[in-house]
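*Asks:* Here it is: the structure, laid out below.
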Amino acid sequence: MTADDDGGDVVLTLTSATPVVNADNSSITPATAQASTGGALTLTATAKDQFKNLINTAVVAWSVSGRNTTSGVTTQKLTDANGLSTYTVTDASTSTTSLTDTVAAAFTYNGTTVAAGSVTSATITWGANAVKTVEYTVTPTLDDATATSAITTGASGASASAGRVTLTVLVTGSNGLALAGVPVTFATSNAKSGILVSSGIDYSSRYTGSDGKATTYVYGWTKGATTVTATAGGVSSTTIINFTNAAADARYINTDIDGNIVKATVTDRYGNTVKGVTVDFTRTGGGYFGNGTTGTSGTTNSDGVVEVVVTPGTTATVVTASLNTATYTQAKDPAGYVDLTAITSTGVGASFNTAGKASDTETVAAGTTPAVSAAEAATDAANEAIDAANAATDAANLAAEAADAATVAAEEARDAADAATAAVEELATQVATLMAALKAQITTLANTVAKIAKKVKA
């Protein structure tokens, strides 16, 4: 309301125009495309009104003329919340002369129709384009620390496919240009993984778009590497998804015992072990933990396992391993729930609804355990070995003393022998002297006898 020159009021009445489809603002994409013979190509129509606003629930009547003519038959589809309607043209013709299709769409909204052809139509040229390369352009990381966690439960108890990984390949021809309308198949190597099927769309078989790209979605429900192979026109390419989980996925704890060692294993909803989970241990009874306390905690390793040593007491020791449900919320879920929300999804993962388990117990017997007995036996054996070593040392010492005595005796005997040898030598000298004297005496006597004999003869 404004005042006129005379000071009076001027009343303005605004009347809104009814939104209708506007041919200048609406479009079909891609406007032109090269596609492989026998392939398929998806086109998108965008409906806008005279104010360039997107229109939802507009009726789009699609028709094809040319190589794959629909002969006056139209396919009607409504635009979605984004004003979009899609239509796929599949090349079913075997003609070798007619290679082109013209795709048009008529728009109807609020009683107003924009005839087919008023909006720019699309032209598809089909040809025998050989595939040269299939290359992944969107791939996951292979780093465990940052890999997409495809086996997480997702919001509100969603199935395994809620953690899907997006993969995209680019298909090019011999001329290096992107090929549109080429069928691409995707397959996984791991039996516990799959290709998404959603809203009637099976993403294991897709056609490349006008940009030569085809996208699929892969999910899994077991840890480890999965190879995904994309094949188009006999050419294949592979990539690897390393499915992982997170500590927050801990749902179930189970314990077992080996002597006086209590082992706790933590798993997720799908039965995969979970690393990095804090497990609290408490005990009642006569024993205590290896660190001398009545309570302790540990973190699960890459196998989802954490162990604690219990020193037995005079009475049995009951050990409880537990998960903090404030941190690991699924551990308190009843069967069929995730984070206290009922599982309503279908498909893979919906059947993995075992109740969470936040604690488990084991009993360590009183007194010695096999591990302690083994240690005591080892100690006894060591003591016996020490005693044997001491006895051997004593025997060695005695032998050394005997050897010393024998050495002394040998030296004394050697001295006696030396003395005897000297005595014999001295006696021999005396005998030789006596013998020489005796010989001299005998010689003298013989001479005397000879002289007497001469005198007697004379």
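The values are calculated or read from the model by the stated rules, or taken from the named source; none is laboratory data. Predicted model, so just to flag it, every value in this text is computed and none were measured. Neighbour counts are summed over all protein chains in view; Cβ atoms, including those assigned to glycine, are modelled from backbone coordinates with ideal geometry.
*Asks:* Quick one: T13 ticks every box in (1) farther than 30 Å from L177 by Cβ; (2) modelled with pLDDT of 80 or more bar one, so which box is it?
*Replies:* (2)
*Asks:* Those residues that are closer than 27 Å to K223 by Cα and out of contact with any Lys or Arg (no Cβ under 9 Å at 6 or more places or on another chain), I need them from region 282-312; list them, please. Step through it out loud before you land on a result.
*Replies:* Keep residues of region 282-312 that are closer than 27 Å to K223 by Cα, which gives 297-308.
Listed by number, the residues that qualify are S297, G298.
*Asks:* It is to be established whether one or more residues within region 281-299 are at pLDDT 95 or above and part of a loop (DSSP other than H, G, I, E, B).
*Replies:* Checked region 281-299: no residue is at pLDDT 95 or above and part of a loop (DSSP other than H, G, I, E, B).
*Asks:* Just to be sure I understand, how many residues within region 290-336 are of a type outside the set (A, V, I, L, M, F, W, C), closer than 15 Å to D268 by Cβ and crowded, with 17+ Cβ neighbours inside 10 Å?
*Replies:* Summing the residues that are of a type outside the set (A, V, I, L, M, F, W, C), closer than 15 Å to D268 by Cβ and crowded, with 17+ Cβ neighbours inside 10 Å in region 290-336 gives 7.
*Asks:* Hey, among V364, V372, which residue is at pLDDT 80 or above and within 28 Å of V306 (Cα to Cα)? Step through it out loud before you land on a result.
*Replies:* Numbers: V372 fails: at pLDDT 80 or above.
Just a single option satisfies the conditions, and that option is V364.
*Asks:* Take L84 and tell me if it is of a type in the set (A, V, I, L, M) and under 15 Å from V119 (Cα atoms).
*Replies:* Values: of a type in the set (A, V, I, L, M): yes; under 15 Å from V119 (Cα atoms): yes.
It is true that L84 is of a type in the set (A, V, I, L, M) and under 15 Å from V119 (Cα atoms).
*Asks:* Additional query: Does region 168-186 hold any residues that are assigned to a strand (DSSP E or B) and of a type in the set (A, V, I, L, M), and which are they? Write out each step before concluding.
*Replies:* Here is the first cut: in region 168-186, the ones assigned to a strand (DSSP E or B) are 168-173, 178, 180, 183-186.
Listed by number, the residues that qualify are V169, L170, V171, A178, A180, V184.
*Asks:* Determine whether A248 is more than 25 Å from Y87 (Cβ to Cβ) and outside any strand (DSSP E or B). Outline the logic, then answer.
*Replies:* Working: more than 25 Å from Y87 (Cβ to Cβ): yes; outside any strand (DSSP E or B): yes.
Judged against the criteria, A248 is a match.
*Asks:* Follow-up. Among the listed residues K48, K77, identify the single one that is farther than 14 Å from V119 by Cβ and of a type in the set (D, E, K, R).
*Replies:* Unique residue meeting the criteria: K77.
*Asks:* Another question, then. Among the residues of region 238-273, how many are surrounded by 18 or more Cβ atoms within 10 Å (Cβ to Cβ) and either charged (D, E, K, R) or on the phi > 0 side of the Ramachandran plot (or both)?
*Replies:* 4
*Asks:* Additional query: Which members of region 211-245 meet the condition of being assigned to a strand (DSSP E or B) and among the small types (G, A, S)?
*Replies:* Initial filter on region 211-245 (assigned to a strand (DSSP E or B)): 213-220, 224-232, 235-243.
Hits for region 211-245 are A214, G220, G224, A225, A230, A232, S236, S237.
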